[in-house]
Amino acid sequence: MLYDVVIIGGGIVGTSIARELSRYNLRIALLEKETELAFGVSKSNSGIIHPGTQNPPGSLKGCLCVQGNTLMRKLSKELGFDFKEVGELIVAFTEEEIARLRQLKKEAEALGVPRTRIVDGRWLKAHEPNLSGKALVALYAPTAGIVSPYRVAYDLAENAGRNGVEIRTHTRVEGIAPAGLFQFEVATSSGIFKTRYLINSAGLHADDVARMAGIDDFTVRPRKGEEFLLDKKRHYLTNHVIFPLPTKISKGVLVIKTSDGNPMIGPTAEDISDKEDLSTSDAGLAKVLTEARKLVPSIDENDIIAYFAGLRPVAGDDFIIRHEDKVPGLVTVAGIQSPGLTSAPAIALMVAGILKKKGLALKKKLLFHKKRKHAIHLFEIPLSRTKKLIKKDAGYGEIVCRCEMVSAKEVRDAICHGAKTMDGIKFRTRAQAGRCHGSFCTTRIMKILAEETKKQVTEVTKRGRGSELVKEDRANG
Amino acid sequence: MVSRDLVIVGGGPAGMAAAVSAYENGVKDILVLERDQYLGGILNQCVHTGFGLEYFKEILTGPEYAERFIEKVTRVPEIEVSLKSFVVHLAKDKTLTYIKPGKLETVRPKALIMATGCREKTREMVHIPGTRPAGIFSAGLAQKLINIEGLLPGKEVVIVGSGDIGLIMARRFTLEGAKVNAVVEIQKQSRGLLRNVVQCLEDFEIPLYFSHKIAKIYGKDRVEMVDIVKVDEQFNEVAGSQFRIACDTILVSVGLIPENELIEMAGVELDKNTNSPVSDEVNETSIPGIFVCGNSFKVYDLVDSVTKDSVIAGRIAAEYLRSLK
């Protein structure tokens, strides 16, 4: 069988492209090496929808970010994920920083970031009471928002799937053989995919994939970021996403409001060489705590309930999004670090444009399922609504995760919508992600997952083959 | 909204003892809310013996100890037990919202006893660096997997911390045929009971490293090994003392924290360090009529002490109710 388009990499970029292209009469496959989508770079994303500030004028990043911020709102309505417009504050502590802040404001305006303004100490005291008293002024960008990055990726993929895209997880690309103009044979761990157009959105491994196709003019270097998550009961910590002034390599350590309610502090920025090194360190924690407390001094170490590290795929200063004229039909989408999540819908449009220009006929489907039903999360709805839900389905009254208030019904729904692993359930529902870290709910969720996927409990994994939770079933042999 | 004289949240040893005591002290309208499908709480997974020596002057297993109270509680018609009932909201005026399969209920008690127990500190709370693969369990979760579900979590184990559950699990894993390679304790002495150090480690020749900590966890999908390092008096790593142990499983047993998020929601003042309610009198809180007992008041070593504490809570709740009339 010949595909029109094969997309390599099922992170936020790959799933955005898949969903965008699923509007058209095309035969599309999305290949992901992990057991679930968004288990690579995307899983460690902090969920900020940037307004477009802090990008150099004229950069691809800046332009796609501003556009993506608008598109993400539309997507949230269509796909039913939460988008909260909380706004961001970039805080200045010295006269010198105020001067840089004014420069940032100018650059943001040049990029078209709407409604930015400088707010003074009095405004900050009134609107962000936990912010350090030493803050002089801040650049306020009201259009910044927050989403759950995994849910965005999962919802995009599910909707793409509904519109005919084949989603192949556990499918690792092993070789790419150009078989003539606009003809590729992609060899994978689950067989060969023949396609006319090939999109390389392989995140950290985009350079490896590019080399398979004969492109070797860029390298992806991992830049590690350690993030620390605070207890949900501190949801009130800040009202906005809080930034220090950016440095050359990163936006600095932030205090982030998240869509699930748990404040997040971080990330660090450390250039490393190992694309699989997701370890966290004492030094990372110390740095993040020190830096975050400069912004919000009341942050308490005892409130940290989780931490993790993510890797940003860095390939130069800007995104690389281009058709490879040397290999007709191949589109590279690499170096998608921050603001990659925000830009993803705009990247998808840009890729569709490139494909069209390179001869792919984009003919709209007669029936495109634009909408997806909003998944229910008890923690984000009022109890009055929970009451009605429980009457309709008793499963909502069966609480599985006590810390984050997740019901058995939500866990079953997550599985029904594609979760295959314990982490997949965690990312979709937040079950096991709270202060007890799964101590109380793991057994229950394992059993539900085994039951729904008709597997043995011993086959239940944390995040795919090799990460089975238990070794033996003594009760059932 | 239903009105009740006394609601008790939690049907473990603390909640059951408080219920029986309140009844014996004259309270005739008691509702016990238990989120699990049976009474007894964590005692159900404690199949080892050593319970009841002080309170019953007998040596019992956890389920046997629980059974004595389950019998009492279920024999008294004035004590209503609602299982699979999960409290989702507690207001300052003691109005409780709880959900159970098929229902969301609101109840307003005149007095409230919280017997919500405690939870284990996690790897995250003590910041053990390294990766986050499968194979890292709290000791209590491992205990539940083995004793309730019949599942063996791993075969080569390193235990972090020498809390009682960790020590008990060292023996349990050994009896199940797994190998416990080390118990690593950052303090100079054990946090657990001496009898557990002797009966669970020494009798099985399991090495216990005092003044040591895990420096790093390795493994991508599943735990593969840990670095262990000696620490000085200030808990700083001693250079050159690092060594490596292979394992597929890490149990974390580094202490317990009272589970008091509900009363925190209601505005009860909590001690930031212990997560216990700030209180002048035993079992009382900063909100009159809200009492806390058992491990949610203070983490006890023995269930016998939990019972004793909860008997007092039942009595003072009864006295409080009388004072309202």
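The values are calculated or read from the model by the stated rules, or taken from the named source; none is laboratory data. Because the structure is a prediction, the values reported are computed rather than measured. No Cβ is skipped: glycine too gets one built from the backbone with ideal geometry, and neighbour counts run over all protein chains shown.
For region A:194-267, the strands (runs of 3 or more DSSP E) that sit wholly inside it and include 2 or more residues that are within 14 Å of chain B (Cβ to nearest Cβ) are A:221-230, A:264-266. The number of residues in region A:140-175 that are of a type in the set (S, T, N, Q), surrounded by fewer than 23 Cβ atoms within 10 Å (Cβ to Cβ) and closer than 24 Å to A:Gly203 by Cβ comes to 4.
When A:Asp271, A:Asp277, A:Asp300 are checked against the criterion of being more than 13 Å from chain B (Cβ to nearest Cβ) and of a type in the set (Asp, Glu), A:Asp271 stands alone in meeting it. Residue count for region B:305-325 under the criterion of being touching a residue at least 40 places away in the same chain (Cβ under 8 Å) and outside any helix (DSSP H, G or I): the result is 0.
Is it the case that some residue within region A:410-431 is crowded, with 20+ Cβ neighbours inside 10 Å, more than 10 Å from chain B (Cβ to nearest Cβ), in a loop (DSSP other than H, G, I, E, B) and acidic (Asp, Glu)? Taking every residue of region A:410-431 in turn, none turns out to be crowded, with 20+ Cβ neighbours inside 10 Å, more than 10 Å from chain B (Cβ to nearest Cβ), in a loop (DSSP other than H, G, I, E, B) and acidic (Asp, Glu). A search for C-beta distances below 8 Å between a residue of region B:142-164 that is more than 16 Å from B:Gly192 (Cβ to Cβ) and any residue that is at pLDDT below 95 and among the hydrophobic types (A, V, I, L, M, F, W, C), counting only pairs 6+ apart in sequence or on different chains, returns B:Glu149/A:Ala475; B:Gly150/A:Ala475; B:Leu151/A:Ala475. Of B:Val81, B:Val88, B:Val47, B:Val73, all but one fail to be in a helix (DSSP H, G or I) and in contact with a helix residue (DSSP H, G or I) (Cβ under 7 Å, 6 or more places away or on another chain); the exception is B:Val73.
Which members of region B:170-192 meet the condition of being within 13 Å of another protein chain (Cβ to nearest Cβ) and in a loop (DSSP other than H, G, I, E, B)? Those that are within 13 Å of another protein chain (Cβ to nearest Cβ) and in a loop (DSSP other than H, G, I, E, B): B:Glu176, B:Gly177, B:Ala178. Taking the conditions (1) out of contact with any strand residue (DSSP E or B) (no Cβ under 7 Å at 6 or more places or on another chain); (2) without any contact (Cβ under 8 Å) to a residue 40 or more places away in the chain; (3) at the interface with chain A (Cβ under 9 Å from one of its Cβ atoms) in turn, B:Arg75 satisfies each one other than (3). Please determine, by comparing only the residues of region B:193-209 that are free of Cβ contacts under 8 Å to residues at least 40 places away in the same chain and in a loop (DSSP other than H, G, I, E, B), which one is surrounded by the fewest Cβ atoms within 10 Å (Cβ to Cβ). Looking at the filtered set, the residue picked out is B:Glu205. Of everything listed in (1) in contact with a Pro (Cβ under 8 Å, 6 or more places away or on another chain); (2) of a type in the set (S, T, N, Q); (3) within 14 Å of chain B (Cβ to nearest Cβ), the single unmet condition for A:Gln337 is (3). The criterion of being under 21 Å from the mean Cα position of the chain (by Cα), away from every other protein chain (no Cβ under 14 Å) and modelled with pLDDT under 95 does not hold for B:Thr61. Any residue in region A:66-73 that is assigned by TED's automatic domain parsing to the domain that holds A:Ser343 and of a type in the set (Lys, Arg)? No; the residues of region A:66-73 include none that is assigned by TED's automatic domain parsing to the domain that holds A:Ser343 and of a type in the set (Lys, Arg).
Out of B:Leu167, B:Leu145, which single residue is closer than 23 Å to A:Gln456 by Cα, part of a helix (DSSP H, G or I) and not small (Gly, Ala, Ser)?
Values: B:Leu167 fails: closer than 23 Å to A:Gln456 by Cα.
From the options B:Leu167, B:Leu145, the qualifying one is B:Leu145.
Take the residues in region A:93-139 that are touching a Leu at 6+ places or on another chain (Cβ under 9 Å) and under 20 Å from A:Lys61 (Cβ atoms), then tell me which one is surrounded by the most Cβ atoms within 10 Å (Cβ to Cβ). Going through the qualifying residues, I end up with A:Leu139. Residues in region A:450-471 that are more than 12 Å from chain B (Cβ to nearest Cβ) and in contact with a helix residue (DSSP H, G or I) (Cβ under 6 Å, 6 or more places away or on another chain): 1 in all.
Each residue in region A:11-47 was checked for being farther than 21 Å from A:Arg430 by Cα and either at pLDDT below 95 or not in a helix (DSSP H, G or I) (or both), and 12 pass. Against the definition (outside the structural domain of A:Ile256 (by TED's automatic domain parsing), over 30 Å from A:Lys257 (Cβ atoms) and either under 21 Å from the mean Cα position of the chain (by Cα) or surrounded by 16 or more Cβ atoms within 10 Å (Cβ to Cβ) (or both)), how does A:Ile215 come out, yes or no? Yes: the conditions hold for A:Ile215.
Go through region B:148-159 residue by residue and tally those that are within 14 Å of chain A (Cβ to nearest Cβ), crowded, with 18+ Cβ neighbours inside 10 Å and closer than 24 Å to B:Phe243 by Cα.
Selection size over region B:148-159: 3.
Scanning region B:267-284 for residues that are within 20 Å of the chain's Cα centre (by Cα) and part of a loop (DSSP other than H, G, I, E, B) yields B:Asp271, B:Lys272, B:Asn273, B:Thr274, B:Asn275, B:Ser276, B:Val278, B:Val282, B:Asn283. Listed by first and then second residue, the pairs with beta-carbon distance under 6 Å, at least 6 apart or on different chains, first residue in region B:101-120 and hydroxyl-bearing (Ser, Thr, Tyr), second surrounded by fewer than 20 Cβ atoms within 10 Å (Cβ to Cβ) and modelled with pLDDT under 95, are B:Thr106/B:Met1. All conditions in (1) surrounded by fewer than 18 Cβ atoms within 10 Å (Cβ to Cβ); (2) closer than 25 Å to A:Ala160 by Cα hold for A:Val331, with the sole exception of (1).
Here's the yes/no breakdown for (1) more than 10 Å from chain A (Cβ to nearest Cβ); (2) farther than 22 Å from B:Val306 by Cα; (3) more than 18 Å from the chain's Cα centre (by Cα); (4) among the hydrophobic types (A, V, I, L, M, F, W, C):
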| site | (1), (2), (3), (4) |
| --- | --- |
| B:Leu90 | yes, yes, yes, yes |
| B:Thr95 | yes, yes, yes, no |
| B:Lys100 | no, yes, yes, no |
| B:Lys121 | no, no, no, no |
| B:His127 | no, yes, yes, no |
| B:Arg132 | no, yes, yes, no |
| B:Leu141 | no, no, no, yes |
| B:Ile146 | no, yes, no, yes |
